[in-house]
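**Q** Just dropping this structure here.
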């Protein structure tokens, strides 16, 4: 039973939250908050989650790799370690089959939520200073298998997560419970009502295979709204239940329909992924380009190349299908064009496109353009475009 | 806190209370939906012959299929081959030439477990039922050997079918378990699963060990309750004359009162030799641009001289084969008068076709051991293969359909005598 997939999950979550509050009242002296969190996550994993041993094996495997590369070998270059840590995810994405088919490698290593766990694993490894004291295994496991975020994020950070855990049972308070409840209700409204309505009464009514411009445009907007409500709903429920369990899960969506440019869009839409890519891929890549003597004279090229490759990676992460790759490349292109625009505006000390148009007008034109560009790219991503699938 | 209570706790409590009352209280229901105001749907069997790709047209198709099984019409179950437009296809040919009601059911993806589940749901009507199962060798190779896809399973087995299986105490555990196991293995991939699917999953998990039994007990209870009240609500709107209390498939006694014209027309003599001769020659005349016996259009559009290697899968790991043997057991257990037809694959097109010889022989033997008739058309040797059998690489041409029709008619008209 995957998180948020059925009514039963909410019953189990309710029981777990009740148990945590019960522990705060009566078991505080015997069992710590962090141990309790780990225990309830393990309970859920072992009894309800599909392929629990695959997840537990990955947690152990990744910790051993982390320990080996960071504490024993003390590698400063994180690239090899990152690739080895991402290996299970890469192997699953490449869908390798053995000669004694139908057994596939995926049958042994794949599980729901592998991508998101991999992101969290990599963040722990990259953030660690080589040779520093390794993170505690149990805290590490607690961070990776935290129930509300195990399946599709939001992608939290180890130190932020553990700062909450270290506060102990005081995290279980009325304010967090009520705030969490509000988010949970919002998530339910988004996921089970708004997304369902958009899906049943808008998206399903469209002939998505049609090559008429009007049908394609209709599908594009319908899917954009559907994806937003579905995903933002999931994220809000994860934040809500996380908060009720005492953990502040980071915000993932924040009015993306008001985005004015690509950078702004990724600060509002699936923010935790945008932040992850920025911190662990874009920045190191940009720094790498900056160190290259041959690129020293071309700051714009360095930035744009790093931006384009970052979004290409985002597309590839979804799978090696054409629609994902093109969608990622489109977002990369939007970002590069916008970055060039900012660069030249700064250089010429004026707005090179909108000139002296009032700021409010520029704002709404930007929002209109950005929302449509994002909707188009997400439409390509959906695989529903009859020309690219 | 006050606003939390007024904005959240009170509305949610009211919603739960109203839902509970609407679904479970007879008094409340009778007040909301007075007995004489309820629009009851009186539905009777309509189609005695014809084709259903699935049950998408709704309850009427289920009534017609149950009726066919119960009253001795021939039910031909298969997969993609049944979408053929030919007049030689059994559900068109047999009613026309032998004046015997025949229904076709299924399209691509309808494999053993999907068929097993449909028939288990209709197990009340299986005794002496005339079922023809068209087996495709393709089910047992490559990806298909992993068994029925989730999409097909859900397409062919709606909530009502699963509910019937769950509630039918007469269905032996071995068959139920196979279905429960499938649901349990796949539930993670079902978006917004309904109560009966969740109930099957929870029940399967709770039977794993004592610890799981305890943990899953409340979930089994809740999902059982939810699925029951949902179907009780359905009951209000159906005619109890032929729908029993909670089971929503037609009542057997009601169906038995419906008459079918079920005598094979013995006055018509079918000239099989002439049909074979003409269809063989016709196939020859439209398969001219290749030497593999494939119709010209298909060959030039899809084949163009390319071959494909058969991807055989060992019988030990072949999930589809396992599902198939359980389907045989089900038909045997319910004393169905079933027959099987194993289709050929084009041995010119498929390389290493002999690699599945052993598997197909095993299937043939299993069918015979279960006491059912079987027409095995599978041939891996090109020298023994009759080119007109198939129109492409895996679907019957008219010649092949006539062979099949002859087998079916001879078998069931012999039974009539």
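**Q** All but one of (1) away from chain A (no Cβ under 14 Å); (2) modelled with pLDDT of 95 or more; (3) surrounded by fewer than 22 Cβ atoms within 10 Å (Cβ to Cβ) hold for residue B:97; which doesn't?
**A** Only one criterion in (1) away from chain A (no Cβ under 14 Å); (2) modelled with pLDDT of 95 or more; (3) surrounded by fewer than 22 Cβ atoms within 10 Å (Cβ to Cβ) is unmet by residue B:97, namely (2).
**Q** Same structure again: Read through the list (1) more than 14 Å from chain B (Cβ to nearest Cβ); (2) closer than 26 Å to residue A:36 by Cβ; (3) surrounded by 19 or more Cβ atoms within 10 Å (Cβ to Cβ), then give the number of the only condition that residue A:113 fails.
**A** The single condition residue A:113 does not satisfy is (1).
**Q** Another question, then. Could you pull out every one of the helices (runs of 4 or more DSSP H) wholly within the range B:251-361 that has 2 or more residues that are crowded, with 17+ Cβ neighbours inside 10 Å and within 14 Å of chain A (Cβ to nearest Cβ)? Can you show your working first?
**A** Values: elements: B:252-256, B:272-285, B:319-333.
Where helices (runs of 4 or more DSSP H) fall fully within the range B:251-361 and carry at least 2 residues being crowded, with 17+ Cβ neighbours inside 10 Å and within 14 Å of chain A (Cβ to nearest Cβ), they are B:319-333.
**Q** Further question: Considering each residue of the range A:190-212, count those that are more than 12 Å from chain B (Cβ to nearest Cβ) and within 24 Å of the chain's Cα centre (by Cα), and give that number.
**A** Within the range A:190-212, the first condition is being more than 12 Å from chain B (Cβ to nearest Cβ), and the residues that meet it are A:190, A:193-194, A:197-198, A:201-212.
From the residues that got through so far, the ones that are within 24 Å of the chain's Cα centre (by Cα) too are A:190, A:193-194, A:198.
The number of residues fulfilling the criteria is 4.
**Q** If you don't mind, another one. Return the residues of the range A:72-101 that are exposed (fewer than 15 other Cβ atoms within 10 Å of the Cβ) and in contact (Cβ under 8 Å) with a residue 60 or more places away in the chain; say none if nothing qualifies.
**A** The answer is A:94, and nothing else.
**Q** Follow-up. Answer yes if at least one residue in the range B:37-50 is assigned by TED's automatic domain parsing to the domain that holds residue B:401, assigned to a strand (DSSP E or B) and modelled with pLDDT of 90 or more, and no otherwise.
**A** Yes.
**Q** While we're on this one: Within the range A:298-321, identify whether any single residue is out of contact with any helix residue (DSSP H, G or I) (no Cβ under 7 Å at 6 or more places or on another chain) and farther than 22 Å from residue A:86 by Cα, and answer yes or no. Spell out the reasoning first.
**A** Narrowing the range A:298-321 to residues out of contact with any helix residue (DSSP H, G or I) (no Cβ under 7 Å at 6 or more places or on another chain): A:298-299, A:321.
From the residues that got through so far, the ones that are farther than 22 Å from residue A:86 by Cα too are A:298-299.
Scanning the range A:298-321, I find at least one residue that is out of contact with any helix residue (DSSP H, G or I) (no Cβ under 7 Å at 6 or more places or on another chain) and farther than 22 Å from residue A:86 by Cα, so the answer is yes.
**Q** Inspect the range A:32-44 for any residue being out of contact with any helix residue (DSSP H, G or I) (no Cβ under 9 Å at 6 or more places or on another chain) and surrounded by fewer than 15 Cβ atoms within 10 Å (Cβ to Cβ) and give the result as yes or no.
**A** No: zero hits.
**Q** Also, I was wondering about something else. Given the conditions (1) more than 14 Å from chain A (Cβ to nearest Cβ); (2) under 18 Å from the mean Cα position of the chain (by Cα); (3) at pLDDT 90 or above, report the number of the one that residue B:183 does not fulfil.
**A** Residue B:183 satisfies all of (1) more than 14 Å from chain A (Cβ to nearest Cβ); (2) under 18 Å from the mean Cα position of the chain (by Cα); (3) at pLDDT 90 or above except (1).
**Q** Also, I was wondering about something else. Identify the residue in the range B:113-150 that is under 16 Å from residue B:180 (Cα atoms) and within 14 Å of chain A (Cβ to nearest Cβ) and, among all such residues, is surrounded by the fewest Cβ atoms within 10 Å (Cβ to Cβ).
**A** Kept after step one, since they are under 16 Å from residue B:180 (Cα atoms), are these residues of the range B:113-150: B:113-121, B:147-150.
Retained after the next criterion (residues that are within 14 Å of chain A (Cβ to nearest Cβ)): B:147-150.
Numbers: B:147: 25, B:148: 27, B:149: 17, B:150: 15.
Per the stated criteria, the residue is B:150.
**Q** Starting from residues that are more than 23 Å from residue B:96 (Cβ to Cβ) and within 16 Å of the chain's Cα centre (by Cα), keep the ones in the range B:43-56 and report whichever is surrounded by the most Cβ atoms within 10 Å (Cβ to Cβ).
**A** So, considering only residues that are more than 23 Å from residue B:96 (Cβ to Cβ) and within 16 Å of the chain's Cα centre (by Cα), the one surrounded by the most Cβ atoms within 10 Å (Cβ to Cβ) is B:55.
**Q** Out of A:43, A:4, A:26, I need the residue that is farther than 20 Å from residue A:139 by Cα and part of a helix (DSSP H, G or I). Which one?
**A** Details: A:43 fails: farther than 20 Å from residue A:139 by Cα; A:4 fails: part of a helix (DSSP H, G or I).
The conditions single out A:26.
**Q** Could you pull out the residue among B:63, B:133, B:89, B:57 that is in the same structural domain as residue B:335 (by TED's automatic domain parsing) and without any contact (Cβ under 8 Å) to a residue 40 or more places away in the chain? Outline the logic, then answer.
**A** Values: B:63 fails: without any contact (Cβ under 8 Å) to a residue 40 or more places away in the chain; B:133 fails: without any contact (Cβ under 8 Å) to a residue 40 or more places away in the chain; B:89 fails: without any contact (Cβ under 8 Å) to a residue 40 or more places away in the chain.
Result: B:57 is the single residue among B:63, B:133, B:89, B:57 that is in the same structural domain as residue B:335 (by TED's automatic domain parsing) and without any contact (Cβ under 8 Å) to a residue 40 or more places away in the chain.
**Q** What about residue B:170, is it more than 8 Å from chain A (Cβ to nearest Cβ), within 16 Å of residue B:118 (Cα to Cα) and surrounded by fewer than 17 Cβ atoms within 10 Å (Cβ to Cβ)? Break it down stepwise before answering.
**A** Details: more than 8 Å from chain A (Cβ to nearest Cβ): yes; within 16 Å of residue B:118 (Cα to Cα): yes; surrounded by fewer than 17 Cβ atoms within 10 Å (Cβ to Cβ): yes.
Here the answer is yes, as residue B:170 does meet what is asked.
**Q** All but one of (1) at the interface with another protein chain (Cβ under 10 Å from one of its Cβ atoms); (2) within 19 Å of residue A:51 (Cα to Cα); (3) surrounded by 20 or more Cβ atoms within 10 Å (Cβ to Cβ) hold for residue B:211; state the number of the condition that does not hold.
**A** (3)
**Q** Could you tell me how many of the residues in the range A:199-236 are closer than 18 Å to residue A:383 by Cα and part of a helix (DSSP H, G or I)?
**A** Here is the first cut: in the range A:199-236, the ones closer than 18 Å to residue A:383 by Cα are A:199, A:202-228, A:230-231.
The next check asks that each one be part of a helix (DSSP H, G or I); those that pass are A:199, A:203-205, A:213-228, A:230-231.
The total comes to 22.
**Q** Which number in (1) within 24 Å of residue B:5 (Cα to Cα); (2) free of Cβ contacts under 8 Å to residues at least 60 places away in the same chain; (3) away from chain B (no Cβ under 13 Å) marks the one condition that residue A:175 misses?
**A** Every condition holds for residue A:175 apart from (3).
**Q** Residue A:16 - would you say it is in a helix (DSSP H, G or I) and more than 13 Å from chain B (Cβ to nearest Cβ)? If you could, list the steps in order and put the result at the bottom.
**A** On the way: in a helix (DSSP H, G or I): yes; more than 13 Å from chain B (Cβ to nearest Cβ): no.
Taking the combined requirement at face value, the residue does not satisfy it.
**Q** Please report, ordered by residue number, the helices (runs of 4 or more DSSP H) entirely within the range A:267-333 with at least 3 residues that are without any contact (Cβ under 8 Å) to a residue 60 or more places away in the chain and farther than 19 Å from residue A:93 by Cβ.
**A** Working: elements: A:271-277, A:283-291, A:299-318.
In the range A:267-333, the matching helices (runs of 4 or more DSSP H) lie at A:283-291, A:299-318.
**Q** Here's another thing I want to ask about it. Would it be correct to say that residue B:306 is in contact with a strand residue (DSSP E or B) (Cβ under 7 Å, 6 or more places away or on another chain) and without any contact (Cβ under 8 Å) to a residue 24 or more places away in the chain?
**A** Details: in contact with a strand residue (DSSP E or B) (Cβ under 7 Å, 6 or more places away or on another chain): no; without any contact (Cβ under 8 Å) to a residue 24 or more places away in the chain: yes.
Here the answer is no, as residue B:306 does not meet what is asked.
The values are calculated or read from the model by the stated rules, or taken from the named source; none is laboratory data. Worth saying up front: this structure is predicted, and the values here are computed from it rather than measured. With ideal geometry, Cβ positions are generated from the backbone for all residues, glycine too; neighbour counts draw on all protein chains shown.
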